[in-house]
1. Give me the one-decimal nm value for the distance between modelled label points at LYS52 and ARG27, 7 Å along each residue's Cα-to-Cβ direction.
2. Using θ = phi - 60° and the Karplus curve 6.51 cos²θ - 1.76 cosθ + 1.60, what whole-Hz ³J(HN,Hα) does each residue of region 21-37 get, with Gly and Pro shown as x?
Amino acid sequence: MPGRKWFSWGNSDSGLRWAKTLSDDNRPYVEVQSGCPLTQDDQFRMQPHEEKQFLEYWMPVSRIGPPARGSIPTPPSA
């Protein structure tokens, strides 16, 4: 699946602090990350007012319920 990956903060003390900050129920989770570049090593530069478009399809995951909260994450304190 080029250009997509699963990301997890892990289950270390630091990772669990992120889970408490970012999840609805304080549990560890995974994020599906994807985008226009095929890998994180691929980079492209954009000029001011330049637009790039790409098409992405998502498959729903069943039985997880609606989002309970949306926020801009802030780093957990160490």
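All of the numbers you see were taken from the coordinates with simple rules; none came from a lab. Predicted model only: the values in this text are computed from it and were never measured. Positions of Cβ are generated from backbone atoms using ideal geometry, with glycine treated the same way; all protein chains shown enter the neighbour counts.
1. 3.6 nm
2. These are the phi-based 3J(HN,Hα) values: 6, 9, 9, 6, 10, 6, 9, x, 8, 10, 10, 8, 10, 8, x, 5, x Hz.
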